[in-house]
Amino acid sequence: MGNLYFLTFFNGFLIASLFYLRTESNYENELFLAIQHNITKQISPKDNEDSVVIKVMHTCHTLLSNRSSVFENDESLDGFKVDYMHPATIDLMTAKGACGSYSMVLARLLQNYNYPVRIGQMKSGGVFAAHNIIETQINGRWIVLDPTFNLYFLTPDNKLATFNDVKNNWSFYSKQVPANYDMKYKYDDVRYMNWEKIPFIFPAAKKIFSFFWGKERVDNFCLRVHFLRMYDFYFYFVLFIYIPVLLFTLKRIIKTKLFPTYDTPVTLRNIVKYIKLRASNESLNRSVNS
């Protein structure tokens with residue numbers, strides 16, 4: 001890090017990364033905006049919020065179901081972007097993540113319409129994350145949507161049902177599922193974050209957050225919805241690295257190229273002083289040469 005040639009290269013690499021991430025982010029945003037505009041054309045003034053979220057889900061399911069048959073068993077589709085960055089465009093273009101892709105795309109679209117969303121990991125056969133669903137908040141109620149099967153549930157009074165509605169009366173709601181539905185997903189339970197993923201650290205963090213926020217709020221917290229725009233996340237992460245690197249590089253350049261000795265303190269006064277001194281020396285040299 002003390003080598004100016006390496007620092008120059010590193011600054012260039014970070015700047016190129018920022019440019020790439022911003023370009024990809026803009027492209028991804030434009031794709032989802034184009035889908036949103038198409039959905040908006042289908043919405044009439046008579047549609048209520050229930051109708052809007054159902055139309056959003058229908059579009060999501062139509063888009064991804066046409067792609068999943070092509071890409072779901074394709075093991076050749078991998079690489080750094082797919083395996084490590086995994087932006088929403090990968091889910092949108094390939095549906096390779098099955099129910100995970102459907103939920104990510106629907107969550108992103110609903111966010112575009114300013115609906116609060118959370119991604120639920122359904123429990124089946126005693127195991128969580130067997131299937132992903134989406135919950136979105138309408139009029140204070142978190143209604144459940146399953147974009148993989150293009151499924152929503154209606155209560156007896158013709159309102160969109162919540163997860164608990166379905167869980168507590170599966171015998172009633174199971175009659176509303178489509179013919180291709182996997183009946184092992186019986187809405188036994190759901191979680192929104194795996195607090196056991198990193199032993200000791202995550203459980204300890206959950207206890208701390210529960211103390212300050214309350215257990216119910218922590219149980220309903222979904223981290224994944226804050227990472228739906230991965231290019232933006234990586235952009236700000238790289239920017240966080242780049243700023244101190246840039247400042248360190250400028251300090252090295254000033255100490256090496258401007259100051260007479262490396263031990264000269266880097267202060268604004270010294271910078272102005274030696275810039276003026278260098279300018280006067282260059283002016284004097286030009287006068288002598290002429």
Checklist entry - Has the range 194-205 got at least one residue that is charged (D, E, K, R) and surrounded by fewer than 17 Cβ atoms within 10 Å (Cβ to Cβ)? => result yes
Next on the checklist: I need the full set of residues from the range 42-90 which are modelled with pLDDT under 90 and within 17 Å of Asp146 (Cα to Cα), in order please.
Outcome noted: Ser65, Asn66, Ser68
Next on the checklist: For the range 143-192, which positions are of a type in the set (Phe, Trp, Tyr), assigned to a helix (DSSP H, G or I) and over 21 Å from Arg217 (Cα atoms)?
Outcome noted: Trp170, Phe172, Tyr173
Checklist entry - On the given criteria, is Ile15 under 26 Å from Phe149 (Cα atoms), in a helix (DSSP H, G or I) and not assigned by TED's automatic domain parsing to the domain that holds Leu246? => result no
Checklist outcome for this item: Within the range 19-48, of all residues that are surrounded by 15 or more Cβ atoms within 10 Å (Cβ to Cβ) and under 17 Å from Tyr115 (Cβ atoms), the one nearest to the chain's Cα centre (by Cα) is Phe32
Checklist entry - For Cys60, all conditions in the list (1) in a helix (DSSP H, G or I); (2) surrounded by fewer than 16 Cβ atoms within 10 Å (Cβ to Cβ); (3) not polar (S, T, N, Q) hold save one; what is the number of the exception? => result (2)
Item to check | Cβ pairs under 6 Å, 6+ apart, first in the range 223-251 and over 30 Å from Leu106 (Cα atoms), second β-branched (Val, Ile, Thr) | outcome: Lys251/Val266
Checklist entry - Inside the range 227-273, can you point out the residues that are among the acidic types (Asp, Glu) and part of a helix (DSSP H, G or I)? => result Asp232
Checklist entry - Quick check: is even one residue across the range 123-131 among the polar types (S, T, N, Q), closer than 15 Å to Phe227 by Cα and touching a residue at least 60 places away in the same chain (Cβ under 8 Å)? => result no
Next on the checklist: Tell me whether the range 7-29 contains one or more residues that are among the charged types (D, E, K, R) and over 30 Å from Phe128 (Cβ atoms).
Outcome noted: yes
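The values are calculated or read from the model by the stated rules, or taken from the named source; none is laboratory data. All values derive from a computational prediction rather than experimental measurement. We place every Cβ from the backbone using ideal geometry, glycine too, and count neighbours over all the protein chains shown.
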